[in-house]
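Remarks on the structure that follows.
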Amino acid sequence: MELIKDTIDLSDYFEEKADEHRVLPASDWTSDVIDFFHKPDLTPKVRLPWRKTHSDFYFRPGEVSLWAGINGHGKSQLTGQVVHSLCQNANRVALASLEMRPVSTMARMSRQAFGGEMPTKQYLEKFGKWTNGKLWIYDHVGSSNPRTILAVIRYAVDKFDVHHFVVDNLMKVIAGEDDYNAQKDFVNGLCTVAKDTGCHIHLILHIKKLKDEASIPNKFDIKGSGAVTDLVDNVFIVWRNKAKEAAMRMGEAFQPDDPDCLLILDKQRNGEAEGRYRLYFDPASMQYLENRNDLPTHNKAELGISIDEVTF
């Protein structure tokens, strides 16, 4: 696995590229508009891991997606599964996990790829090699600042041709929860970098405190400036069904088909659908499954490992 080191020279990436503002006749886009309606789009769609979302959403180049949730509701864990799925589908991904050491990030993703709690040494070695050319990690834990993160994204796109960049999370870049102008400026900067480079940028952030964790949040509950959700292209909410978990622990009655998690698509600027998707959590693999009786998937055949060779 390749790392984007904290000591890289970012001096060439701190400033946006100068570009003159041009005012042109609207008819200059006529050919593009004709293609929009009448030319078949043969570009492969980059989708989420769950089939039930495929008709509603796909990742478009040059957009910014928010992933929000109450603290402890699994938004980073779920986006880790999304990152693994992106890598499986020939996307190049970079990740700035400012709250978690790279070894912890990779350990969790290895379990998700393996489909079980204890990957073998053989599997971990092959999985590490498999990530080469697919996954990069910015080797920094702790607070950062908007200028550095924007520069790191530009660097990753320029040097490694990454298609997706994940920033986890906003509070590690903008320290003040009520510093709304700084939040707005940073997210506006992410949108600019996304459009300049074609990279799809993912930003993880928190939901503000609700009356209780059983309340299902929406985009208006996202912590910080309302401009954040206005600026981005897509908003996902991750909600964990803690009431079901508590009932299971206490041996109380619960509805088995109730989801362990809701993935809520609460905004999609360039798409026509929004929706809620029920997911089921497998603790051993840390995977979110599409249906209650599904088994975890295993990234083994593509690593050249026979399932018979692996001890679960």
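Working from label points 7 Å from Cα in the Cα-to-Cβ sense, the Met118 to Thr192 distance is 5.2 nm. Highest-first packing order for the peptide set 130-136, 259-265 is 259-265, 130-136, based on the mean count of other beta carbon atoms within 10 Å.
Each stretch of four or more DSSP H residues adds -39500 (n - 2.57); spread over every residue of the chain, this sum gives -9000 deg cm²/dmol at 222 nm. Distance from the Cα centroid of segment 62-103 to that of segment 252-303 is 15 Å (rounded to whole angstrom). In this entry, the chain is assigned a mean projected area of 18.7 nm², taken as a quarter of its C-alpha convex hull surface. Which whole-number percentage describes the relative contact order of segment 212-262, with Cα contacts under 8 Å and a sequence gap of 6 or more? 35 percent. Estimated translational diffusion coefficient (Stokes-Einstein, Kirkwood radius over Cα pairs, 10 °C, 1.306 mPa s) of segment 174-312: 88 µm² per second. Cα-based values for segment 77-129, radius of gyration first and Dmax second, are 10.9, 29 Å.
Stretched out straight at 0.36 nm per residue, the stretch from Asp161 to Lys208 would grow longer than its current Cα-Cα span by 13.4 nm. Counting every pair of alpha carbons in segment 67-212, the share spaced more than 22 Å apart comes to 40 percent. With a Förster radius of 45 Å applied to the C-beta separation of Phe254 and Asp178, the computed FRET efficiency comes to 0.70. Of Lys75/Lys244; Lys45/Lys219; Lys39/Lys195; Lys159/Lys184; Lys121/Lys300, which sit over 21 Å apart, Cα to Cα? From the list (Lys75/Lys244; Lys45/Lys219; Lys39/Lys195; Lys159/Lys184; Lys121/Lys300), the Cα-Cα distance tops 21 Å for Lys45/Lys219; Lys39/Lys195; Lys159/Lys184.
Estimated at 0.36 nm per residue, the fully extended path between Asn291 and Lys52 surpasses their Cα-Cα distance by 85.1 nm.
In the chain, the DSSP beta bridges split such that about 40 percent are antiparallel, to the nearest 5. Placing dummy labels 7 Å off each Cα toward the beta-carbon, the span from Glu125 to Ala227 is 5.3 nm. Treating each Cα of segment 49-99 as an identical point scatterer and summing with the Debye formula, the log10 of I(q)/I(0) at q = 0.25 Å⁻¹ comes to -1.34. Ordering 74-87, 116-129 by mean Cβ neighbour count within 10 Å, with the highest value first, yields 74-87, 116-129. With a simple spin-label model that places each label point 7 Å from the Cα along the Cα-to-Cβ direction, the separation between Arg101 and Asn218 comes to 4.2 nm.
The numbers here are math on the coordinates, done by the rules we state, and not lab data. Since we're looking at a predicted model, the values are computed, not measured. Reconstructed Cβ throughout: ideal geometry from the backbone, glycine too, with neighbour counts over all protein chains shown.
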